[in-house]
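To keep things clear, I will list the structure first and then write my remarks on it.
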Amino acid sequence: MTGNEIRSKLRAGERVYATCVVAASPLWPKTLAGAGIDFVFIDSEHTPVDRETLAWTCRGYASAGVPPVVRVPSPDPYEAAKVLDGGACGFIAPYVETAEQARRITEVARYRPLKGDRVERAVADETSLEPELRDYLAARNADTILIANIESVPAINNLKEILTAGDLDSVLIGPHDLSCSLGIPEQYDHPRFDEAVREIFTVAREHNVGAGIHYWLDIEMEVEWARAGANLIMHSSDLAIVGQNLKSDLAQLRSELGDVLDDGRDTEADII
């Protein structure tokens, strides 16, 4: 799908499937394309990838027919512009908590290359744009996917204002940060966590914005949340999938061969 098609599906409530990657291997794009994902979420917030490597990675996925969407280090329009210039089809802004942050990321997603006062006036009043410029910006940015990470209590409290101020295609819950903000770290089965997740889904869908949660521990939980309103299915990551499957395979091999591993290396934190 094109970025514009993905945007339309997210806003319409149709399901879109994606996964997260942190490895920059040139072998991943073809493999993930064959897996049937709609787009790939490349993380540059929690990984030490440099700008040049990130650009090559984006070009690799794009050439394989998988739109690359990059999570930038902060909800900053200049950071977002960097990844878009490098070949990303969209970006995920982390830890968005205010309507002002939503407006700022909308500037680059919908009005690039305008900057400064010119773009601020355009966001406030689109009629300030000359018809020719308005058509140019609409065509240039039609495929840019804009997703905001909602991962804190203030973000939930301000969610309606965030969705009204920003032209978002989807929100994406960061479960680890959200659980910590709620005071229940990594307790993803806690009733308060589940309540918060469902509230985010409900409010987003009421505003015709897609909703999802990045999750890696339990497919049944992902299915339940999808039935509760999530239509952005952000399933796991290369790191988690490799770690979990390697752990399972080695455990089976050791069991069948009568070997035992007991060195404390099999913690969940090691594979996420």
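Values in this text are rule-based calculations from the coordinates and carry no lab data. Bear in mind the structure is a predicted one, so any value in this text is a computation, not a measurement. Positions of Cβ are generated from backbone atoms using ideal geometry, with glycine treated the same way; all protein chains shown enter the neighbour counts.
Laid out as a table, the results:
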quantity	calculated
Computed E for residue 217/residue 157 - FRET, C-beta separation, R0 30 angstrom, nearest 0.05	0.65
Cα-only radius of gyration and Dmax that characterise segment 162-272, units Å	17.3, 60
Along principal axes, Cα extents of the chain, largest first, whole Å	74, 41, 30
Diffusion coefficient, µm² s⁻¹, Stokes-Einstein with Kirkwood Rh over alpha-carbon pairs of segment 6-90 at 4 °C and 1.567 mPa s	100 µm²/s
Zone of residue 14's modelled label, taken as backbone nitrogen in segment 201-232 under 17 Å from a point 7 Å along Cα→Cβ	208-211, 230-232
Longest to shortest principal axis, alpha-carbon extents of segment 42-110, angstrom	35, 25, 16
Under 5 Å, built H, 5+ apart or other chain: amide partners of residue 237	20
Packing-based order for 86-94, 192-200, using average beta carbon neighbours within 10 Å, highest first	86-94, 192-200
The chain, dipole about Cα centre (Lys/Arg Cβ +1, Asp/Glu Cβ -1), debye to the nearest 20	940 debye
Antiparallel %, DSSP beta bridges [both residues in segment 1-131], to 5	0 percent
Distance between modelled label sites at residue 208 and residue 192, nm, 7 Å Cα→Cβ extension	3.6 nm
Residue 134 versus residue 22: modelled label distance in nm, points set 7 Å from Cα along the beta carbon direction	4.5 nm
Distant-in-sequence amide H partners of residue 213 (H built 1.01 Å from N, under 5 Å)	173, 234
Mean residue ellipticity (222 nm) of the chain, computed from DSSP H runs ≥ 4 via -39,500 (n - 2.57), nearest 500	-15000 deg cm²/dmol
Residue 96 long-range amide H proximity, modeled H, under 5 Å	149, 151
Proximal charge balance of residue 6 [Cβ under 9 Å; K/R count +1, D/E count -1]	-2
3J(HN,Hα) from dihedral phi, segment 175-182, Karplus parametrisation 6.51/-1.76/1.60, rounded to Hz, x for glycine, proline	x, 5, 5, 5, 5, 5, 5, 7
